[in-house]
1. Could you pull out every one of the helices (runs of 4 or more DSSP H) wholly within region 130-225 that has 2 or more residues that are in contact (Cβ under 8 Å) with a residue 40 or more places away in the chain and within 24 Å of Ala304 (Cβ to Cβ)?
2. Does Ser50 qualify as being of a type outside the set (Phe, Trp, Tyr) and under 21 Å from Ala304 (Cβ atoms)?
3. Do you know which residues across region 5-61 are among the aliphatic types (A, V, I, L, M), in a helix (DSSP H, G or I), under 17 Å from the mean Cα position of the chain (by Cα) and closer than 19 Å to Val108 by Cβ?
4. Checking the condition under 23 Å from Ala168 (Cβ atoms), surrounded by fewer than 16 Cβ atoms within 10 Å (Cβ to Cβ) and in contact (Cβ under 8 Å) with a residue 12 or more places away in the chain, which residue from Ala93, Ala119, Ala39, Ala106 passes?
5. Pairs only if they're at least six apart or on different chains, beta carbon under 8 angstrom, first in region 62-84 and within 17 Å of Thr47 (Cβ to Cβ), second part of a helix (DSSP H, G or I) and among the charged types (D, E, K, R); list them, first residue then second.
6. When you go through (1) surrounded by 12 or more Cβ atoms within 10 Å (Cβ to Cβ); (2) farther than 30 Å from Lys162 by Cα; (3) touching a residue at least 24 places away in the same chain (Cβ under 8 Å) one by one for Trp270, which number turns out not to apply?
7. Of Leu264, Leu201, Leu197, Leu190, which residue is surrounded by fewer than 15 Cβ atoms within 10 Å (Cβ to Cβ), at pLDDT below 95 and at negative phi?
8. Just checking, how many residues over region 1-60 are touching a strand residue (DSSP E or B) at 6+ places or on another chain (Cβ under 9 Å), farther than 24 Å from Pro114 by Cα and of a type in the set (Val, Ile, Thr)?
Amino acid sequence: MGLPIDKIAVLGGGGVIGSGFAVNFAWKNMPVVIYDISAAALETARTRVSGALSYLAAQGVISPADAQAALGRITYTTDVAKAVKDAGFIQEAVLEQYAVKKELLALVDRHASPTAIFASSTSGLLISEIARDSQHPERCVGAHPYNPPYLIPLIEVAKGEKTSDETAVRTLELYRSIGKEPILLQKEALGFIANRLQIALYREVVEIVKRGICSVEDVDKALCFGPGLRFALMGANMIFQLAAGPYGIKGALHHMGPSAEMWLADMADWKKFPEGWGDQAQEGVNAAMANRPADQGRTTEEIAKWRDSRLIELLRILKKI
C-alpha cells in the first residue's frame with residue numbers, strides 16, 4: 001500500500017485543466033498544493049481557482065462559506081520538491097508533449113514518495129511512453145478529464161504497460177470519492193475512449209457539410225436536438241437497447257442492420273481533414289453564433305458561461321452535483 005491520499009499535488013496548476021482539478025479536489029475537502037514554473041503562472045492559477053469557486057457559489061452548487069474554505073485548502077509553490085512532499089496523489093497537467101512530461105516525472109521520481117500515484121492528464125499520449133524512463137512506472141497512470149474538470153464527471157484512467165493493478169484501483173477509488181465517473185482502459189489507445197468517439201463523429205460532421213448536405217449550423221442542431229439529448233442520459237448501446245422495446249439491442253441491430261450498413265458504406269473514411277475545412281468551419285460557426293438567442297450568448301466567452309450554467313442544471317438532474 002502507498003501513502004494515504006490526504007494531500008494532492010497538482011503540477012501545472014496555471015492551466016485550465018490543472019486549476020480545474022485543484023478546484024475539484026479542494027471543493028471535496030482535500031488539501032491541494034499547486035505547482036507551476038513561475039510566479040506569473042501561479043497568479044494565473046489563483047485567478048482561475050478563485051473565479052471557478054466564485055462561479056460555483058453564485059450558481060448555488062456550494063455556499064460562499066464552502067468556497068472560502070476550499071480556497072483555504074490550496075497552497076501554491078514554484079518548488080516541485082515542496083509540492084510533492086508527502087503527497088499521496090500527484091495530478092500532472094503540464095504541456096501535452098512527451099519531453100515535458102518525462103522531464104517533470106524525473107523530478108517527481110527524485111522528490112516524491114515511490115508509492116505516490118502519478119496521474120497524467122494527457123488527452124491522448126500514451127502513459128507507457130511518458131513513464132518509460134521512470135524509476136517507478138508501476139505508479140503511473142493516464143487520467144484524462146473533460147473540460148471543465150470540476151463539472152464534467154468523466155475521467156478516463158489508462159493503465160500503461162507497467163502500471164500496477166493497485167495503482168489503477170486506488171486511482172479509480174480516489175476519483176469516485178470526489179464524485180467523478182472514472183472509466184478504466186485495460187489497454188492503451190491514442191485519444192483514449194471519449195476523444196476517439198468524438199473525433200469519429202466529427203469526421204462525419206465534416207463530411208456532411210463538405211458534401212453540401214446541410215450547413216455547419218444545421219449539422220450541429222441535428223446532433224444537439226436529436227441524439228445529443230439521449231447521449232446526455234445514456235450511451236449508444238443502451239440507446240439501441242431501448243430502440244426495439246422488448247427485443248433489445250440484438251433485435252434493434254437485426255432490424256436496422258441492412259439499412260445501417262448502407263449508411264456505413266456511404267460514410268467518410270478519410271484520415272486527414274479536407275483542405276480548407278478550418279476556414280469553412282469558422283465561417284459556419286461565426287454565422288451560427290450570430291443566430292443564437294441573445295440570452296444563450298453570441299461570443300465564445302458568453303456561450304461558455306451559458307454552457308456551464310446548463311451543465312450544472314443537467315448534472316443536478318443526473319444527481320451528479
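The values are calculated or read from the model by the stated rules, or taken from the named source; none is laboratory data. Computed from a predicted model, the values in this text were never measured in an experiment. As a convention, Cβ positions derive from the backbone with ideal geometry for all residues, glycine included, and neighbour counts pool all protein chains shown.
1. 194-210, 216-224
2. Spelling it out, Ser50 is indeed of a type outside the set (Phe, Trp, Tyr) and under 21 Å from Ala304 (Cβ atoms).
3. Answer for region 5-61, where residues must be among the aliphatic types (A, V, I, L, M), in a helix (DSSP H, G or I), under 17 Å from the mean Cα position of the chain (by Cα) and closer than 19 Å to Val108 by Cβ: Ile17, Ala22.
4. Just one listed residue meets the conditions, Ala106.
5. Here the result reads Tyr76/Arg46, each pair linking region 62-84 to a residue that is part of a helix (DSSP H, G or I) and among the charged types (D, E, K, R).
6. Tallying (1) surrounded by 12 or more Cβ atoms within 10 Å (Cβ to Cβ); (2) farther than 30 Å from Lys162 by Cα; (3) touching a residue at least 24 places away in the same chain (Cβ under 8 Å), Trp270 fails exactly one: (1).
7. Leu190
8. Total meeting the criteria: 3.
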